[in-house]
Amino acid sequence: MFDDTIAALSTPPGSGGIGVVRVSGDKALSILNAVFRRKKDASAMKSHTLYYGVAADEKGEVADEVLACYMKKPATYTREDVVEIHCHGGSSCVAGVLRLVLLNGARPAEPGEFTKRAFINGRIDLSRAEAVMDVISAKTDLARRAAINRLQGSVHKECAEISTEIVSVLARVEASIDYPEHDLEEITLKDVKDRSLRLIKRLDRLIDGAHRGRVLQYGVETAIVGKPNVGKSSLLNFLLGEDRAIVSDTPGTTRDAIQECANIKGVPLRLADTAGIRETTDEIERMGVEKALRHIDSADLLIIVLDGSSPATEEDISLLMNTRERKRIVAINKSDLPSALHLEEEWIKPDEIIKISLLDEIGANKLLEKIKDMFFLGEIEQKDTLISGLRAEQALRRCRDGLCNVVRAVDAGLPEDFCTIDLRESHAALGEITGETTDDAVIDKIFSEFCVGK
Amino acid sequence: MTDYDVVIIGGGHAGCEAALACARMGVKTIMFVMNLDSIAMMPCNPNIGGTSKGHLVREIDALGGEMAKNIDKTFIQSRMLNTGKGPAVHSLRAQADKAAYATEMLKTLQSEPNLSLRQSEVTDISVQNGELKGVFTRSGAFTPCKAAVICVGTYMRSRCLCGDVITDVGPNGLKNAKRLSESFAKLDVSMMRFKTGTPARIDGATIDRSKMQIQPGDEVITPFSFDTDASGAQRVQVPCYLTYTNERTHRIIRQNLSRSPIYSNIIEGTGARYCPSIEDKIVRFADKDRHQVFIEPEGENTTEMYVSGMSTSMPEDVQEAMYRTVPGLENCRLTRNGYAIEYDCIDATQLTLSLEFKHIKGLFSAGQFNGSSGYEEAAAQGLVAGINAALFALKKPAMTIDRSEGYIGVLIDDLTAKGSDEPYRMMTSRAEYRLLLRQDNADLRLMPKGYAAGLVPKDRFERFEAKRESIEREIKRVGQVMATPEANAFLRSQNSAELNSGVPLRDLIKRPELDYLKLAPIDRNRPKITRDVAEQVNVRIKFEGYIKRQTEQVERFKRLEDKKLPENIDYSTISGLRIEARQKLSAAMPANIGRASRITGVSPSDTAVLLAYIKKARVQS
């Protein structure tokens, strides 16, 4: 049914005692054989049996000491060949082992993909089919959003630039193929090669950075939002239990989003206090506002803070209206003061509201309970940023591989149309990060850049 | 009254292929045309083929169509383009003698015993309960039929524009068709309005050829049809000429832009980006100081010439002035004005891959009416629609071509799955499996389909099978025959590395500096094979690695194409699909998961949900 092999960390991310990397698909056993070394034992592995050894790369560099188990199909969760590697729970061990598995031919699983395979391969009762399909749909979108979010900022910009450059080379080659008699500035094979080499260097830097800078971030990404000076930073400090953000009466003090981890009744939160959202002419504050808006887009949970002592402003209303579809809690602060805030039903559902006062911590406990309930009832989920980071790294590697093939094709004296096969693959690989599709991009570029046609 | 199985509406390049396919497949066919003197007319450029279009013509030939044979009989110049690039993008183009092309096609149509030709305007299509019943013509006469193919080109409610002069006619001043559009509106067919254009024609006796660059044909002519004997196709060729616009030309155009119907907003239709008028080029690429102009003969028995590169809808006086600024054309006389033409066409996403309307059984449609542009694109669709109309009348399953099998497949899949918001032109960059879809192997890819449909005759198919076997045999042989260090003298002469031990000949063919033909001196027992076969052997071995990779890509593509979606599926009940996807899928009713995934507005998660859905449906049934 499925022709590729998938892998993921199947225990919750974090610093638990062990982490289990699970692999499913036809290549599961060959991948295990490539990464798993047993001491003094060369016999074939028996199915459904746990073995002791190390996970190491081809040079013998050990990622972790592990227990591994191979389970032959069909008596497995997905009804495919499954491999489990039990490693130490620290983020670097898990990341190292998972990376080895991916480098040897697995691809990162989409969220819910093991379950999806189990279902499609007939493992799961059909009465649950509808529910599973909902989950597949929701999770696939979530994964795509997560991968894109992770690469926001400079990395994302760099990917977009590389992508544009590939399209530009492709369009030149394609235009000269489709319009051989037009006066087009011919792109030489040397140009194609030089430009590919420059792109390979840029990708190398990105891949290095992705590898070095990766930390296992986990937790429910939570954004605290609201107009300036309603008490967002005070709420953050309360949740963190420390004085972390600058608290001041001057609106616009928090100019950058601050990210901190907190454990709220067992729920891991990644908290971002964002700049107050308002129109501003201050350059630095505006950058903060833009960053805040990005955090709102990517967050799993929004805590919207309103001032209970003053009427709703335009900014409050538009924030409430724009986030109606999101998982959110609306905290009405300053409930110790006389209430002046009136909220229309159209803006908000009653069960989203919690009244608090951060001066005397009234209602604060209710807020914590609400977060806990939402998490354990499955209304909010944590993002698996390790997987989305690895997925992005793999896309960058495939892009690089394609460009290396382009260089090889030029060196082998092949005509330029052969380069397009790999340029297209490179562009498609980056497309998983940038969301761009190749065909339309190239044809649009040809017609916008070159004067061709009869 | 004679009974007909299939009615063909229109006698252009689509109509001719559709009519011949039906007649040759043994069904009684009638072709209605507005004017019997304009069959197979070429109202725009006087050539057939070119990049990607040449591929379409080869594929038409492989399936048993007529375009390749007809141009082989009537071409006056021939060139293989892109020979400096890889084999996948070599493209054949021939200049046609327009009048001869039309006459030869008419002769071929008239020689088909199963085909009747009739000059009469079809005004209404009769459909009952979603099934085609027949067509009405202008006099009110009713022709019942099992299937019909609409090939009405650019004639529907068309109008031509030249400056502020708007004429209520079809292409080339011919009568247009006014009433059929209403009939489609009644049938719930969604319509669009497109625009295209053509340059002026000039009198070749009034141009100065010495001021232009001569563009001769190839020394050795390659015919289009796999059946045409290359040695018999050689002939004396008529040249084309290259010249350029200049700053004076551009100034005249810029000064008169307000008089162009495009820039004065008279035009309603959507034009194509790849077919810009000269005024478009000057506005959009203002920094270019000159544009190429190709002067091409319209035939051997006429002095008229086509001014390629200067399509225009400027007023007559501006046309005259601007053409005369071009070197060589200083004293040219216009014989026909350039013009823009607007016409009704359909949104082709209403059609299946066999080009049948999804909601009207037996009604097929092809050509510019489907939103494409170009003679070759029209003919390719006409052939597929015609074959399927005949198969429908014969109660046989439809024949379809997918993206991995031919440019025709890419063309029809793009039109029917994605639709087009401008006239659609074939381009090699649209074919993702380009290396497999070469013009040299169109017969290997498609002739078995043409034979299975009953259009390619048995004797032709047997010749083809012999060719196919001979290719396989020779590939096997060069894998077994060893070259030894004895060949080193030869290798030195070719600047190729010498051998220390024996290697199979095929390894030497793969070297960039060598190929199959060059190795003849060291391949003493080489059997006598044709040039065609040698070409296939060479390409298949030389580019083996890339061909293998593309073949793997095709296998991945096929896996989704093979997952069929039931015809009666109710997307509104499938949980997990996004609302936009439900709407798009309900409207398109794609035949399989692959087609569904290419619809704009269907996301990868929707595709995943559909995969789960069909698996569930299969287990339950």
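General observations
- Proximal charge balance of residue A:307 [Cβ under 10 Å; K/R count +1, D/E count -1]: +1
- Farthest toward positive dipole pole in the protein assembly as shown [+1 Lys/Arg, -1 Asp/Glu at C-beta], among B:217, B:437, B:604: B:437
- Label-point gap, in nm, between residue B:235 and residue A:315 - each point 7 angstrom along Cα→Cβ: 7.9 nm
- Kirkwood Rh, angstrom, segment B:465-550 [1 / mean 1/r, Cα pairs]: 13.3 Å
- Options B:163, B:393, A:264, ranked by Cα towards positive dipole end of the protein assembly as shown, top entry (Cβ charges): B:393
- Taking only protein heavy atoms and a 1.4 Å probe, the accessible area of segment B:201-342 is 46% carbon and sulfur.
- In segment B:492-535, Rg over Rh equals 0.96, where Rg is the alpha-carbon radius of gyration and Rh the Kirkwood radius from pairwise Cα distances.
- Separation in nanometres of the label points that stand 7 Å from Cα toward Cβ, at residue A:46 and residue B:259: 9.5 nm
- Neighbourhood charge, 14 Å Cβ-Cβ cut-off, centred on residue B:618 and excluding it, Lys, Arg +1 and Asp, Glu -1: +3
- Its Cα centre serving as origin, segment B:465-550 has a Cβ charge dipole (Lys and Arg +1, Asp and Glu -1) of approximately 160 debye.
- Entries of B:85/B:449; B:146/B:358; A:232/A:355; B:28/B:69; B:98/B:361 with Cα pairs more than 25 Å apart: B:85/B:449; B:98/B:361
- In chain B, Cα pairs under 8 Å separated by at least six residues give a relative contact order of 16 percent.
- Between the alpha-carbon centres of segment A:37-66 and segment B:258-288 there is a gap of 68 Å.
- For the pair A and B, the buried accessible area comes to roughly 4800 Å² in total, with a 1.4 Å probe and the value rounded to the nearest 100.
- When chymotrypsin sites (Phe, Trp or Tyr not before Pro) are flagged only if DSSP places them in a loop and at most 16 other Cβ atoms lie within 10 Å, the longest unflagged stretch of chain B comes out as B:286-621.
- Test item: B:280-293 mean partner chain Cβ contacts at 10 Å: 2
- In segment B:465-550, lysine pairs closer than 19 Å at Cα, eight or more apart or cross-chain: 12
- Positive dipole terminus of the protein assembly as shown, leading residue within A:10, B:483, B:308 (C-beta point charges): B:483
- Electrostatic tally near residue B:408: other residues with Cβ closer than 13 Å to its Cβ, Lys and Arg +1, Asp and Glu -1, net -3.
- Inter-chain neighbour count for A:411-421: the average number of beta-carbon atoms from partner chains within 10 Å of each residue's beta-carbon is 6.
- DSSP bridge analysis restricted to the protein assembly as shown gives an antiparallel fraction near 70%, rounded to the nearest 5.
- Cα gyration tensor category, rounded, prolate or oblate, for chain B with a/c compared to 1.5: oblate
- R0 of 30 Å, Cβ-Cβ distance residue A:59-residue A:11: FRET efficiency to nearest 0.05: 0.60
- In loop segments of segment B:560-610 as defined by DSSP, the GluC sites (Glu not before Pro) with at most 13 further C-beta atoms inside 10 Å of their C-beta are B:567.
- About its Cα centre, chain B has a charge dipole of approximately 1380 debye under the convention of +1 per Lys or Arg Cβ and -1 per Asp or Glu Cβ, with nothing else charged.
- Length available on full extension from residue A:37 to residue A:157: 0.36 nm per residue minus the Cα-Cα distance, which gives 39.2 nm.
- Cα-projected label distance for residue B:335 with residue B:284, points at 7 Å along beta-carbon direction, nm: 3.0 nm
- Per-residue ellipticity at 222 nm from helix content only, as computed over chain B with -39500 (n - 2.57) for each DSSP H run of at least four residues, stands at -10000 deg cm²/dmol.
- Net charge dipole size for the protein assembly as shown [Lys, Arg +1 and Asp, Glu -1 on Cβ; Debye, nearest 20]: 2720 debye
- As a calculated quantity, the FRET efficiency between residue B:361 and residue B:497 at R0 = 56 Å, using C-beta atoms, amounts to about 0.30.
- For chain B, the longest site-free run once trypsin sites (Lys or Arg not before Pro) in DSSP loop states with at most 10 other Cβ atoms within 10 Å are removed: B:1-394
The values are calculated or read from the model by the stated rules, or taken from the named source; none is laboratory data. Every value quoted in this text rests on a predicted model; they were computed, and no experiment measured them. Here Cβ is always computed from backbone atoms with ideal geometry, including for glycine, and neighbour counts include all displayed protein chains. All accessible areas refer to the heavy atoms of the entire protein, side chains included, with ligands and DNA or RNA removed. Shrake-Rupley method; radii C 1.70, N 1.55, O 1.52, S 1.80 Å.
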